[in-house]
Amino acid sequence: MTEILKKFGCPASLIGEFAYWYLLLRPQQVTFGAMVLIEKSFRLQLSEISQESFLELRDIIGAIEGMGKMVLGYDKVNYLMLMMVDPEVHYHVIPRYAGEVKFNGELFLDHGWPGLPDFSLINACGAQTFTKLVQLLKDGLKS
């Protein structure tokens with residue numbers, strides 16, 4: 001397993017595996033349901049991924065948006081490709097919320113709303129809540 005997958009908690013955080021991509025729940029919940037989408041070739045440049053990977057990305061984004069709106073009830077979703085600390089091709093998928101979200105007895109805030117997501121302020125997410133959220137998203141992705 002590569003370092004980027006370990007860093008983002010795989011396999012416990014794995015929501016979905018596709019032909020060219022992994023979808024994981026971020027251990028650091030910037031907002032409720034924050035995810036990371038990691039390209040499987042682990043290239044360091046977006047231009048180096050295959051055409052098939054680009055095509056699959058469109059379908060995955062559609063699945064994330066359909067599942068996310070239905071399951072998470074977000075107001076908007078941001079896709080951030082930063083690749084500074086972790087140089088492999090990946091997107092941070094950040095659901096955005098105008099208000100607070102309560103899940104499994106825990107409160108989640110979008111500290112940057114309506115501006116940029118604030119990665120310096122992380123929502124506490126207990127292990128049980130994290131596991132329940134992974135399962136909720138897995139189930140939502142399948143439907």
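Consider Leu46 carefully, then state whether it is touching a Pro at 6+ places or on another chain (Cβ under 7 Å), of a type in the set (A, V, I, L, M) and in contact (Cβ under 8 Å) with a residue 40 or more places away in the chain.
On the way: touching a Pro at 6+ places or on another chain (Cβ under 7 Å): no; of a type in the set (A, V, I, L, M): yes; in contact (Cβ under 8 Å) with a residue 40 or more places away in the chain: yes.
It is false that Leu46 is touching a Pro at 6+ places or on another chain (Cβ under 7 Å), of a type in the set (A, V, I, L, M) and in contact (Cβ under 8 Å) with a residue 40 or more places away in the chain.
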Flagged in the range 76-102 as without any contact (Cβ under 8 Å) to a residue 24 or more places away in the chain and over 15 Å from the mean Cα position of the chain (by Cα), in numbering order, are Met84, Val85, Ala98, Gly99, Glu100, Lys102
Single unsatisfied condition, Met1 versus (1) closer than 30 Å to Glu100 by Cβ; (2) part of a loop (DSSP other than H, G, I, E, B):
(1)
Quick one: Glu56 ticks every box in (1) at pLDDT 95 or above; (2) under 20 Å from Gln28 (Cα atoms) bar one, so which box is it?
(2)
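The values are calculated or read from the model by the stated rules, or taken from the named source; none is laboratory data. Here the structure is a predicted model, which means the values were calculated and not measured. All Cβ positions, glycine included, derive from the backbone under ideal geometry; neighbour counts span all protein chains shown.
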